[in-house]
Amino acid sequence: MLAARGLRRLAAAICLARRSSSAVAALPAAGAARFHDYDAAVTECIERRALRVGRPVHARMVAAGYRPALYLATRLVIMYARCGALGDARNVLDGMPKRNVVSWTAMISGYSQNERPAEALELFITMLRAGSALLDMYAKSENVQEARRVFDMLPARDVVSYTAIISGYTHLGLDEEALGLFRQLYNEGMQMQCNQVTFTTLLNALSGLASLDYGKQVHGLILRKELPFFMALQNSLIDMYSKCGKLLYSRRVFDNMPERSVVSWNAILMGYGRHGLAREVAQLFRSMPEEVNPDSVTLLAVLSGYSHGGLVDEGLDMFDLIVKEQSTLLNIEHYGCVIDLLGRSGRLQKALNLIQKMPFEPTRAIWGSLLGACRVHVNIPVGELVARKLLDIEPENAGNYVILSNIYAAAGMWKDVFRVRKLMLKNTVIKEPGRSWMILDKVIHTFHSSERFHPRKEDINAKIKEIYIDIKAAGFIPDLSCVLHDVDDEQKERMLLGHSEKLAITFGLMSTPSGLPIQVMKNLRICVDCHNFAKVVSKVYGREISLRDRNRFHLITEGACTCGDYW
DNA sequence: CTAGGGTTAG
């Protein structure tokens, strides 16, 4: 079945490549053509993403001495940007005698779409500077919030440039700022111009925030507008609800769609996988209709769904089948997923073999997951080999040293523990700080690890001490191996209590009526100690705790988690 | 006059 689908895809691709280039062919061989001829030729290159045709078209314009004005030059920027030739796009933009919001937007989104958010932001700030000399003082700061203030004051703003910049913020992970920009757009009376694309972009920011309240509100807005069916919007709704913990809402949106693309299927499969529901992932995947071709994301969704749900053998069988029938769809992510699966089920040597024979360079993430598996299964030889690779690639990451020293500690090799700890102190730098947040009455409350500046710091500290006494009485044992620093045990216990997700859960306990569920989001993966903490808290205080980390959901009730302690 | 913003995964 998979093979047949692959053939059909190939046939479609060949068809596309053979399509004749009529507008380009219609250009005169030498001398200047007219505006409309160039426009048609460039448009065709944009639609076909055909750089090999687009470049000669541009070259002919130059050779003929034709100087494209604002509109056509902008189309050239788009053509190059869509083809990924960002340097050429930028050259055209820089060479334009006049630019406007459209030409800037084209280039900014070019960077954004080619995964260069830093350049996108840099150019955005440049645009603001060019936009108004008066506002230059604000724009000089490379600070996003300042940039946003300037954007708010810019004279030439419309719903499209708003959407572009909201999308830019979301790509940078600045979802709160993105939401703020949408509010501005609304307050400026542009709500009537909001269309499917605007809402699609906005929903992405809400997915990042995991803000169910806002998500539902925006969904309501969309329904009231009675917009025509728009695939990307529905797909974003599926994704938003699943990332906000409401898988059944995702499913309802999915079931009600008049048609579904492969992205819709991917979004719902990812949703079930994220919630650890591997059986449902398998069932859905089997029910995919013939005419929807699974792509590499589909296969990744299924593999990672199996992996998250602990369906080890099914995952391995699936991978074998893909290797046999659809190996062209495989990328490094798929291998990473399967290596993780092998590692976690204790097949460390097999995992290592796969790394050695896969057609990709192993990434730090792959080595990292294998090192974690070596800790769980206490495997010294593989652990040392993997650690050597990893310390070579990223000597600054403290986590790797900690895991290696944990492996030695588990095997009672204390001299090696000490050696690794010393090495760590010498080489490491601060990692990405942990951050958790929760939303209460539409207010986003953010907590950082070992929070020092939170306005309710004192209350939270007092409450967490109280909780600690209660849960220790109920059998909670702190897992000191989660601490990245070489300090004494008492200090380790204090540091563990400072983890941002514990602060957020504590804040949730003290600010919501008893018995109500608590939902917390985290930017990194949750640590074992915090997972235990949440489990015991759920039992002692009779609360359902939903914890969304970077990868997945943990729904914790009565002292047990839907992940089955496997994540 | 025309154009620019959008969906899953990483």
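The values are calculated or read from the model by the stated rules, or taken from the named source; none is laboratory data. Just so we're clear, the structure is a prediction, and the values are computed from it rather than from any experiment. With ideal geometry, Cβ positions are generated from the backbone for all residues, glycine too; neighbour counts draw on all protein chains shown.
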Scanning the range A:169-195 for residues that are part of a helix (DSSP H, G or I), more than 11 Å from DNA strand B (Cβ to nearest atom) and either more than 26 Å from the chain's Cα centre (by Cα) or more than 17 Å from A:Ser211 (Cα to Cα) (or both) gives A:Gln184, A:Tyr186, A:Asn187, A:Gln191, A:Met192
Kindly establish whether A:Ala106 is without any contact (Cβ under 8 Å) to a residue 40 or more places away in the chain, in a helix (DSSP H, G or I) and within 24 Å of the chain's Cα centre (by Cα). yes
Among the residues of the range A:492-504, is there at least one that is more than 14 Å from A:Trp437 (Cα to Cα), touching an Asp or Glu at 6+ places or on another chain (Cβ under 7 Å) and surrounded by fewer than 17 Cβ atoms within 10 Å (Cβ to Cβ)? no
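Here's the yes/no breakdown for (1) among the small types (Gly, Ala, Ser); (2) within 16 Å of DNA strand B (Cβ to nearest atom):
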residue	(1), (2)
A:Glu290	no, no
A:Leu299	no, yes
A:Gly305	yes, yes
A:Phe319	no, no
A:Gly343	yes, no
A:Gln356	no, no
A:Val378	no, no
Of all helices (runs of 4 or more DSSP H) completely enclosed by the range A:488-554, which ones contain at least 2 residues that are in contact with a strand residue (DSSP E or B) (Cβ under 6 Å, 6 or more places away or on another chain) and under 15 Å from A:Ile467 (Cα atoms)? A:500-511, A:528-540
Of the conditions (1) within 19 Å of A:Ile403 (Cβ to Cβ); (2) without any contact (Cβ under 8 Å) to a residue 24 or more places away in the chain, A:Phe453 fails just one. Which one is it? (1)
Of the residues A:Leu248, A:Leu223, A:Leu284, A:Leu237, only one is more than 28 Å from A:Ser327 (Cα to Cα) and either near DNA strand B (Cβ under 9 Å from one of its atoms) or crowded, with 16+ Cβ neighbours inside 10 Å (or both); which? A:Leu237
Where A:Thr363 falls short, out of the listed (1) among the β-branched types (Val, Ile, Thr); (2) away from DNA strand B (no atom under 14 Å from the Cβ); (3) surrounded by fewer than 17 Cβ atoms within 10 Å (Cβ to Cβ): (2)
Looking only at the range A:83-119, count every residue that is over 22 Å from A:Cys45 (Cβ atoms), at pLDDT 80 or above and among the hydrophobic types (A, V, I, L, M, F, W, C) and tell me the total. 1
Would you be able to say whether some residue in the range A:206-215 is within 9 Å of DNA strand B (Cβ to nearest atom) and surrounded by fewer than 18 Cβ atoms within 10 Å (Cβ to Cβ)? no
When both residues are 6+ apart or on different chains and their Cβ atoms are under 8 Å apart, which pairs have a first residue that lies in the range A:66-84 and is farther than 25 Å from A:Glu115 by Cα, and a second that is in a loop (DSSP other than H, G, I, E, B) and near DNA strand B (Cβ under 8 Å from one of its atoms)? A:Leu70/A:Asn100
Spot the failing condition for A:Pro513; the list is (1) farther than 19 Å from A:Ile439 by Cα; (2) without any contact (Cβ under 8 Å) to a residue 24 or more places away in the chain, and only one is missed. (1)
